[in-house]
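The values are calculated or read from the model by the stated rules, or taken from the named source; none is laboratory data. Values in this document were obtained by computation on a predicted structure and should not be read as measured data. Positions of Cβ are generated from backbone atoms using ideal geometry, with glycine treated the same way; all protein chains shown enter the neighbour counts.
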Amino acid sequence: MAGLHDVVFDSRHPASLARFWAAALDGFEVAPYDEAELARLRAKGIFDPEDDPTVLVEAPCVRPRFFFQLVAASKTVKNRVHVDLRCESLSTEADRLQTLGATIAAEYEGHIVLLDPEGNEFCLTARTEGMTS
């Protein structure tokens, strides 16, 4: 049986979208570039990690990881799959995510639909009593 390994986002600019999601998700960060990775990029003619066509966002010992890959085509329709996030305070977290570059697409009782900086939908839901994650 298959297991969830990574979530991959198509992106016009993987580095900036990866930074957004690293800041949005608790405990996640853009994977560091060691000398071997920088050498691999240079061999492909990429001299600045800002131009990396595939950027990884991860947390220690946590799956899934998030990959952001360069795709030239713009997003034109609603996502068929999206990420759901939970938080303690819906309004406080929505404000924080907007500060990072998200925009509110719709508000409902109990959850908010937001768009990341490239227009990918995701939902924010308030944690309710009894929920542990």
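Go through segment 75-94 and count every residue that is under 15 Å from A105 (Cβ atoms), part of a loop (DSSP other than H, G, I, E, B) and of a type in the set (D, E, K, R).
Going through segment 75-94 one residue at a time, the tally reaches 2.
Consider L85 against the criteria (1) touching a Leu at 6+ places or on another chain (Cβ under 6 Å); (2) at positive phi: it satisfies all of them except one. Which criterion is unmet?
Tallying (1) touching a Leu at 6+ places or on another chain (Cβ under 6 Å); (2) at positive phi, L85 fails exactly one: (2).
Which of (1) β-branched (V, I, T); (2) closer than 20 Å to L114 by Cα; (3) without any contact (Cβ under 8 Å) to a residue 40 or more places away in the chain is the odd one out, the single condition I46 does not satisfy?
(2)
Okay, residues lined up against (1) within 26 Å of P14 (Cβ to Cβ); (2) at pLDDT below 95; (3) surrounded by 15 or more Cβ atoms within 10 Å (Cβ to Cβ); (4) of a type outside the set (K, R):
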site	(1), (2), (3), (4)
V55	yes, no, yes, yes
R63	yes, yes, no, no
N79	yes, yes, no, yes
S89	no, yes, no, yes
T92	no, no, no, yes
T103	yes, no, no, yes
E107	no, no, no, yes
G130	no, yes, no, yes
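Kindly evaluate L97 against the criterion of being assigned to a helix (DSSP H, G or I) and in contact with a helix residue (DSSP H, G or I) (Cβ under 7 Å, 6 or more places away or on another chain).
Considered against the rule, which asks whether it is assigned to a helix (DSSP H, G or I) and in contact with a helix residue (DSSP H, G or I) (Cβ under 7 Å, 6 or more places away or on another chain), L97 comes out as yes.
Output the qualifying pairs, or none if there are none: Cβ atoms under 6 angstrom, residues six or more apart or on different chains, first residue in segment 5-31 and under 17 Å from L115 (Cβ atoms), second residue outside any strand (DSSP E or B) and of a type in the set (V, I, T).
Note: pairs meeting the criteria are D10/V71.
Quick one: in segment 110-130, of everything that is out of contact with any Lys or Arg (no Cβ under 9 Å at 6 or more places or on another chain) and in a strand (DSSP E or B), which residue is farthest from N79 (Cα to Cα)?
Looking at residues that are out of contact with any Lys or Arg (no Cβ under 9 Å at 6 or more places or on another chain) and in a strand (DSSP E or B), I get H111.
Here is a list: L114, L97. Which entry is within 18 Å of R127 (Cβ to Cβ), touching a residue at least 60 places away in the same chain (Cβ under 8 Å) and among the aliphatic types (A, V, I, L, M)?
On inspection, the qualifying residue turns out to be L97.
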